[in-house]
Structure formats: C-alpha cells, structure tokens
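Q: Starting off with a structure, shown below.
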Amino acid sequence: MRLGEKRLALLDRHHRRHRPLPRADAPHLCTSTVRVRKALSERAEPARSEHARSPSPPSPHSPAWSRRPSGPPPRRSGASSVTPLPSEFRRTNDSRWRNELNLVAASGSRNAWAFGSSYAGSRNQRYQYAFHWDGKRWKVGHRWKTYGQFSDAVAFSSKNVWLFGNRGGGDSPVGDWHYDGRTWTRVTPPGFAVLKVSALSSKDMWAIVAQPDQMGEGTSQVAHYDGRSWKLVPTPKIVGAYGEGPKLVAVSARSSREVLVAGTLEMDVNGEAKAHPIVLRWDGKAWRRFDGPGKHGGVASILPDGKGGFWTTLGAGLGCPVYHVTGGRWLPTPLPKVKGKWVAARDLFTIPGSPSLWSTGLTEWGAYPATNGLILKYSR
C-alpha cells in the first residue's frame, strides 16, 4: 500500500480560536483553564519528554493511523481527568489578564512542572510562573516578576529541575534557574543563551544556544553539558544565502552517539533566498549533514527513529506532511484531509512504553482564520 493511501486520523479538540496557534519555533497555549490529561496506563520515565530516549516510532510502511471521534474530551473518564491550574493564574473574572502556558517537563506521574506567563497590558505587569503537579493537584511553585520568557525546561527528579530563559526583557531578564526540591536558585549563565535542550541525564545535556547579542538574528550553535560546565560543540561550517549559517531550532538526543540538531538554511534559488530544512546528526565522532526538500520550509521538530533515521515536521505547517528520513531519503507521510480545513503538525513526541508516534497540531479554516487544536497519532 502506498503511503498516500494509508488511513490517517486525528484527535480533534473543538476549542475554536480566533487566531492561529503560534508556530513551533515559538509555542504557547493561550488559556484560562488548563486541561491536564493524565494517561493512567502509561508509565513515566525520569527526564523523558521529547528530550529523552524514546521508543522506536513505527516504520512509515506499517499501516496504522487511528481515529477517535471528534469533539471535546469528557470531563472525567477511566483514562483521563481534567484539572485546573491555581486560580491565581487563571484569573477568569479579569479580562485584562492574559495567561499562556509555554513549557512542560516531568520525571514521573507525581512530579510534573508547567511554566507560563500571566500579564495585564493595561497595568504593565508581567509574571512568569512555575506550577508543580504532585499527582493530585497543581500548586504555584514559584513566581517571577519579569518580562523575560523561559525557553526550555527539563526535570530529572523532584529535587533536580532545570529551567532556561532568555536574557531579554529590559531590566528584568529571566535567566537560568535550578530547583533542588526546596528553592529555585539562579545559576551562573554559561556565556550564551540556552534555547532548546535535550537531556540524556543530569550530566549529559545537549542544547541549541545563541550569543546574547545575536538573539533572533538567525545565528545558533550547539553546546553540551557534562555535569560541571557547558561547552560549545563545533559543527561543520555551512554557508547559505547572503553568507549566513543555519538557524537551528530543534535538538533531540537518543544517546551520546545519536544526537540530532535541525533548523533552517536559507539557500539562493534563482537569485532569491528560500528556506530549506537542514539536519545534522552526531554519531559520537563526526557530524553528518542531511538536506531536505525546499518546498516546505525549515525543520520545526525532530525525533530519532531508533534505527539511524529520524522523523521531522517542517515549518511551512499547513498541509505539509510529516517526513520520515531513512537511508538518506525523505519520505512524506501525508496528514489527514479535513473538508474545508488545512491540517498542520507541530511538535513530535513519544510516550514511554508506547510504540506510537504523536504530534501536536491544528486545523485552520476561514479568512480570519479560525483554528482547532488537535493531536495526531501514528502507530503500528
């Protein structure tokens, strides 16, 4: 059976937005009530999210996209529950406040962290929040008064959580922080801003970083943490259009001999700069370069497949297939078709103990346009 003929399906949550959701390079979720779905049958692993060693997702030649009836999830079922964040963050009776969740990190079913911002433009106030899930409820773990934003987080245990933030925000940059089970302590910055992290352990972290004075300018590098210090990892010199290098936005480490970093390289095509996906794979000794098709933009999210290849979503988004790269070939797996709507995949992830490949995403329609959030599932 050809890939395009496989049955594709989606879990469509009818939460209509008045604007499209942000792209994967700047993810956030605007909400007044957060639905937390906890899969009771899944066993969590320490420091595992998209950052960690994931089970091998299925081959693209295995016919099995599943479908669940569309509609909002039930308020309570045998497999999931809905729990709100503290009322201090929700502020449902004050329309001047806007709340956004940006990051989630967990080491187990009783130790999860969610990070987000709450601000009121009319009051010129902005806060960054850390919420902790103890298996029963969400509590405010910490609050920062700052205009800076956190870029990534990783939780190894209830006494070892890392949080990384930018250096911006005028007089109140958020910086990098560590939680030891009792208090959040600001740590000495490594000399660059940590943008994205993939952690194998607390002594083995890989990251996409940028110099503070080059934030947002398309220049990014790779760094490694060995438990004591951060060091830049040299990558091949790659030059695209206008003499600029690649903008790396995604990192995924499966082992010390399989680390993927990916992003966008502007290429000169008939005198015009065009975004192309670029992936670099570290095998413990050297980097190998993979260049993808140029019609869908750069890489937005990436995961190793456990067999030397990888899965990736591309930044063009709407209507763009999820690619499985194996043997040097970029094989598209088309997304579901929904009448009158565009479908986009965003961030890829796996669940420990499950063979399925998952992705967050959205449907979009109308001239304004409107959107629905959704979950895509690809299984054996």
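Q: If the requirement is being free of Cβ contacts under 8 Å to residues at least 40 places away in the same chain, among the basic types (Lys, Arg) and part of a strand (DSSP E or B), which of these qualifies: 377, 274? Steps first, answer last, please.
A: Working: 377 fails: free of Cβ contacts under 8 Å to residues at least 40 places away in the same chain.
Sole residue among the options that is free of Cβ contacts under 8 Å to residues at least 40 places away in the same chain, among the basic types (Lys, Arg) and part of a strand (DSSP E or B): 274.
Q: Please work out which one of (1) closer than 14 Å to residue 374 by Cβ; (2) under 19 Å from the mean Cα position of the chain (by Cα) is the condition residue 315 fails and give its number.
A: Answer for residue 315: the failing condition is (1).
Yes/no per residue for (1) assigned to a strand (DSSP E or B); (2) closer than 14 Å to residue 222 by Cα; (3) within 19 Å of the chain's Cα centre (by Cα):
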| residue | (1), (2), (3) |
| --- | --- |
| 245 | no, yes, no |
| 249 | yes, yes, yes |
| 264 | yes, no, yes |
| 267 | yes, no, no |
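Q: Hey, can you tell me all the residues within segment 361-370 that are farther than 21 Å from residue 103 by Cβ and either at pLDDT 80 or above or assigned to a strand (DSSP E or B) (or both)? Before you say what the answer is, go through the steps one by one.
A: Applying the first criterion (farther than 21 Å from residue 103 by Cβ) to segment 361-370 yields 363-370.
Listed by number, the residues that qualify are 363, 364, 365, 366, 370.
Q: Could I ask something else about it? Taking segment 201-217, which residues are part of a loop (DSSP other than H, G, I, E, B) and modelled with pLDDT of 90 or more?
A: Start the filter on segment 201-217 by keeping residues that are part of a loop (DSSP other than H, G, I, E, B), which leaves 202-203, 211, 215-217.
Correct list: 202, 203.
Q: For segment 218-232, which positions are buried (at least 16 other Cβ atoms within 10 Å of the Cβ) and at pLDDT 90 or above?
A: Once the filter is applied, which keeps residues that are buried (at least 16 other Cβ atoms within 10 Å of the Cβ) and at pLDDT 90 or above, segment 218-232 yields 221, 222, 223, 224, 225, 230.
Q: Under the condition of being within 17 Å of residue 279 (Cβ to Cβ) and among the charged types (D, E, K, R), which residue from segment 234-251 is surrounded by the most Cβ atoms within 10 Å (Cβ to Cβ)?
A: Only one residue fits best here, namely 247.
Q: For residues in segment 325-360 being among the small types (Gly, Ala, Ser) and assigned to a strand (DSSP E or B), which is farthest from residue 261 (Cα to Cα)?
A: Of the residues in segment 325-360, the ones among the small types (Gly, Ala, Ser) are 327-328, 340, 344-345, 353-354, 356, 359.
With assigned to a strand (DSSP E or B) added as a condition, the list becomes 344-345, 359.
On the way: 344: 22, 345: 19, 359: 18 Å.
Selected residue: 344.
Q: For segment 362-372, state whether one or more residues are in contact (Cβ under 8 Å) with a residue 60 or more places away in the chain, touching a strand residue (DSSP E or B) at 6+ places or on another chain (Cβ under 7 Å), surrounded by fewer than 19 Cβ atoms within 10 Å (Cβ to Cβ) and of a type outside the set (Ser, Thr, Tyr). I'd like the intermediate steps shown before the answer.
A: Taking segment 362-372 and keeping what is in contact (Cβ under 8 Å) with a residue 60 or more places away in the chain, we get 362-364, 368-372.
Checking the rest, the ones that are also touching a strand residue (DSSP E or B) at 6+ places or on another chain (Cβ under 7 Å) come to 362-364, 370-372.
Add one more test, that the residue is surrounded by fewer than 19 Cβ atoms within 10 Å (Cβ to Cβ), and what stays is 370.
Among the residues that remain, those that are also of a type outside the set (Ser, Thr, Tyr) are: 370.
Among the residues of segment 362-372, at least one is in contact (Cβ under 8 Å) with a residue 60 or more places away in the chain, touching a strand residue (DSSP E or B) at 6+ places or on another chain (Cβ under 7 Å), surrounded by fewer than 19 Cβ atoms within 10 Å (Cβ to Cβ) and of a type outside the set (Ser, Thr, Tyr), which makes the answer yes.
Q: Out of curiosity, is residue 254 surrounded by 18 or more Cβ atoms within 10 Å (Cβ to Cβ) and over 19 Å from residue 346 (Cα atoms)?
A: Here the answer is yes, as residue 254 does meet what is asked.
Q: Return the only residue of 305, 283 being more than 21 Å from residue 235 (Cβ to Cβ) and acidic (Asp, Glu). Steps first, please.
A: Numbers: 283 fails: more than 21 Å from residue 235 (Cβ to Cβ).
Going through 305, 283 in turn, the sole match is 305.
Q: On the given criteria, is residue 198 polar (S, T, N, Q) and at pLDDT below 95?
A: Numbers: polar (S, T, N, Q): yes; at pLDDT below 95: no.
No, not satisfied.
Q: Which of (1) in contact with a Leu (Cβ under 6 Å, 6 or more places away or on another chain); (2) of a type outside the set (A, V, I, L, M, F, W, C); (3) modelled with pLDDT under 80 does residue 352 not meet, given it meets every other one?
A: Tallying (1) in contact with a Leu (Cβ under 6 Å, 6 or more places away or on another chain); (2) of a type outside the set (A, V, I, L, M, F, W, C); (3) modelled with pLDDT under 80, residue 352 fails exactly one: (1).
Q: Looking only at segment 334-343, count every residue that is in contact with a Phe, Trp or Tyr (Cβ under 7 Å, 6 or more places away or on another chain) and of a type in the set (Val, Ile, Thr) and tell me the total.
A: 0
The values are calculated or read from the model by the stated rules, or taken from the named source; none is laboratory data. Remember, it's a predicted structure, so these values are computed and weren't measured experimentally. All Cβ positions, even for glycine, are placed from backbone atoms using ideal geometry, and neighbour counts span all protein chains on display.
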